[in-house]
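Have a look at this one.
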Amino acid sequence: MFNKKIHKRIKIIFLIIAFCFIIIICKVFYIQVFDYNNLNNLANNLWSRNLTIGANRGKILTSDNITIADNLTTVSLVIVPNQIKDKNAVIKDLAEILNVDESKISEHVNKKSSVEIVHPEGRQLSYEIADKISALNYDGIYLLKEGKRYYPYNTLLSHTIGYVGIDNQGLSGLELQYDKYLTGKNGAIKYYSDAKGNKLDKSSVYEEPTNGMDIYLTINYDIQASVERELNNVMEKYNADGAWAIVMDPNNGEILAISSKPDFDPANYQDYSIETINRNHAIWATYEPGSTFKIITLAASVEENTIDLLNDTFHDSGSITVEGAKIRCWKAGGHGTQTYLQVVQNSCNLGVNTATHINFKKAL
């Protein structure tokens with residue numbers, strides 16, 4: 001009996017151990033076969049580093065295919081501190097080329113980071129400066145492509161287009177409103193390094209950037225240019241504080257031109273006051289239609305034949321009472337007896353009000 005109990009226990013233990021081995025083998029099989037790609041990616045991420053390649057922002061074009069917001073290709077300076085062999089030489093030469101104090105470059109070179117973007121001193125560099133840096137041929141110094149917003153027509157449609165920041169993010173106008181569509185997806189150069197930042201002998205991987213979507217406006221370039229020109233003439237002739245205009249297609253409501261003065265150059269928005277860059281008077285403020293609406297009222301009267309501009313007359317005594325409310329003419333004492341054509345010429349409040357009353361009576 002005793003031996004039988006021992007053999008039974010041995011069998012149970014053996015089965016338990018065998019079961020554990022089967023679980024381990026199944027787990028290893030799952031890792032090697034089914035979960036290999038995921039674990040491989042996680043392992044690669046431990047030693048992979050990305051050098052970002054900026055995507056171009058989508059263009060903004062008019063309805064007649066004129067590009068009013070474009071991109072220029074520039075380069076930016078990126079440093080991998082642990083790959084630099086002679087830091088003093090790098091600091092001295094870069095400071096000289098970028099025309100900045102050595103202490104600013106030293107902050108980047110000596111920073112404890114895997115990849116350091118030299119901001120703002122090394123952003124959006126000209127090709128001339130980039131060539132000088134490239135000629136140094138230092139380890140750990142990289143020049144990467146970066147797009148820069150370019151407005152070929154300067155102040156044209158500036159309030160509506162808006163502007164972007166140094167990272168090409170929309171900050172105002174259409175640039176901000178449609179930022180998620182205009183912004184592309186950055187690419188990268190992936191290289192591999194150990195925990196200390198030393199580059200591993202493994203091929204780099206290039207991921208191509210995806211540019212943002214283009215946007216087409218209802219704006220017509222020729223009409224917009226004409227509006228801008230005439231508003232500039234008005235500002236200069238009358239020394240005006242501001243001027244603005246909107247041109248709309250009455251058939252479908254499309255905006256063909258819109259402008260507000262004073263305007264600004266979106267590429268250099270920092271040089272202007274907040275009031276100038278943020279106030280598109282064409283849509284920013286609300287105004288009562290006032291006397292401009294008198295033309296509509298009288299035009300309706302002529303259309304409905306309720307008054308005769310030349311023969312019908314109205315006596316303006318200075319005020320009238322309508323539904324218990326006293327309405328006054330802008331001219332003290334009124335304009336006296338006048339035709340409705342003179343009502344238009346004099347912008348007579350009471351005459352227009354009477355014409356409106358006659359239209360309502362006919363409609364009823």
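Yes/no matrix, rows are residues, columns are (1) part of a loop (DSSP other than H, G, I, E, B); (2) modelled with pLDDT under 95:
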position: Lys190; (1), (2): no, yes
position: Lys196; (1), (2): yes, yes
position: Lys202; (1), (2): yes, yes
position: Ile219; (1), (2): yes, no
position: Val227; (1), (2): no, no
position: Val247; (1), (2): no, no
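Considering only segment 95-120, how many residues are touching a residue at least 40 places away in the same chain (Cβ under 8 Å) and touching a helix residue (DSSP H, G or I) at 6+ places or on another chain (Cβ under 6 Å)?
Final tally of qualifying residues: 1.
If we keep just the residues of segment 249-301 that are part of a helix (DSSP H, G or I) and among the β-branched types (Val, Ile, Thr), which is nearest to Ser226 (Cα to Cα)?
Selected residue: Ile283.
Looking only at segment 160-188, filter to residues that are more than 27 Å from Val109 (Cα to Cα) and touching a Phe, Trp or Tyr at 6+ places or on another chain (Cβ under 8 Å); which one of those is surrounded by the fewest Cβ atoms within 10 Å (Cβ to Cβ)?
In this case the residue turns out to be Leu171.
Shifting gears a bit: Would you call Tyr269 out of contact with any Phe, Trp or Tyr (no Cβ under 9 Å at 6 or more places or on another chain), under 30 Å from Asn154 (Cβ atoms) and among the aromatic types (Phe, Trp, Tyr)?
no
To keep it simple, each residue is scored yes or no on (1) charged (D, E, K, R); (2) assigned by TED's automatic domain parsing to the domain that holds Tyr163; (3) surrounded by 14 or more Cβ atoms within 10 Å (Cβ to Cβ).
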residue	(1), (2), (3)
Pro250	no, no, no
Glu254	yes, no, yes
Ala257	no, no, yes
Asp263	yes, no, yes
Ala267	no, no, yes
Gln270	no, no, no
Ser273	no, no, no
Ile295	no, no, no
Ile307	no, no, yes
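Any idea which of Lys85, Lys104, Lys92 is surrounded by fewer than 21 Cβ atoms within 10 Å (Cβ to Cβ) and either within 24 Å of the chain's Cα centre (by Cα) or modelled with pLDDT of 90 or more (or both)?
Every option except Lys92 fails the conditions.
Do we have Asn353 as touching a strand residue (DSSP E or B) at 6+ places or on another chain (Cβ under 7 Å) and more than 30 Å from Gly173 (Cβ to Cβ) here?
Yes: the conditions hold for Asn353.
A further question follows. Is it fair to say Asp70 is within 22 Å of Pro152 (Cβ to Cβ), assigned to a loop (DSSP other than H, G, I, E, B), among the acidic types (Asp, Glu) and at pLDDT 85 or above?
So Asp70 does not fit the description; no.
Looking at Leu144, is it assigned to a loop (DSSP other than H, G, I, E, B) and either out of contact with any helix residue (DSSP H, G or I) (no Cβ under 9 Å at 6 or more places or on another chain) or closer than 30 Å to Asn278 by Cβ (or both)?
no
Now, a different point. Determine whether Ala355 is more than 30 Å from Tyr150 (Cα to Cα), modelled with pLDDT of 85 or more, not in a loop (DSSP other than H, G, I, E, B) and not assigned by TED's automatic domain parsing to the domain that holds Tyr150.
No: the conditions fail for Ala355.
Suppose we filter segment 302-319 for residues that are outside any loop (DSSP other than H, G, I, E, B) and under 53 Å from the mean Cα position of the chain (by Cα); how many remain?
Matching residues across segment 302-319 total 3.
So, one more: Filter segment 164-184 down to residues that are assigned to a loop (DSSP other than H, G, I, E, B) and among the β-branched types (Val, Ile, Thr) and give me whichever is modelled with the lowest pLDDT.
Ile166
State all residues of segment 37-63 that are at pLDDT below 75 and either touching a helix residue (DSSP H, G or I) at 6+ places or on another chain (Cβ under 7 Å) or not in a helix (DSSP H, G or I) (or both); if no residue qualifies, say none.
If the condition is that a residue be at pLDDT below 75 and either touching a helix residue (DSSP H, G or I) at 6+ places or on another chain (Cβ under 7 Å) or not in a helix (DSSP H, G or I) (or both), then Leu39, Ser48, Arg49, Asn50 are the ones that fit.
Now for a separate question. Working only within segment 302-320, note down all residues that are among the polar types (S, T, N, Q) and either farther than 15 Å from Cys348 by Cα or touching a Gly at 6+ places or on another chain (Cβ under 9 Å) (or both).
Answer for segment 302-320, where residues must be among the polar types (S, T, N, Q) and either farther than 15 Å from Cys348 by Cα or touching a Gly at 6+ places or on another chain (Cβ under 9 Å) (or both): Asn305, Thr306, Asn311, Ser317, Ser319.
The values are calculated or read from the model by the stated rules, or taken from the named source; none is laboratory data. The model shown is predicted, which means the values in this text are computed figures rather than measured ones. Counting neighbours? That spans all protein chains shown, and the Cβs are built from the backbone with ideal geometry, glycine included.
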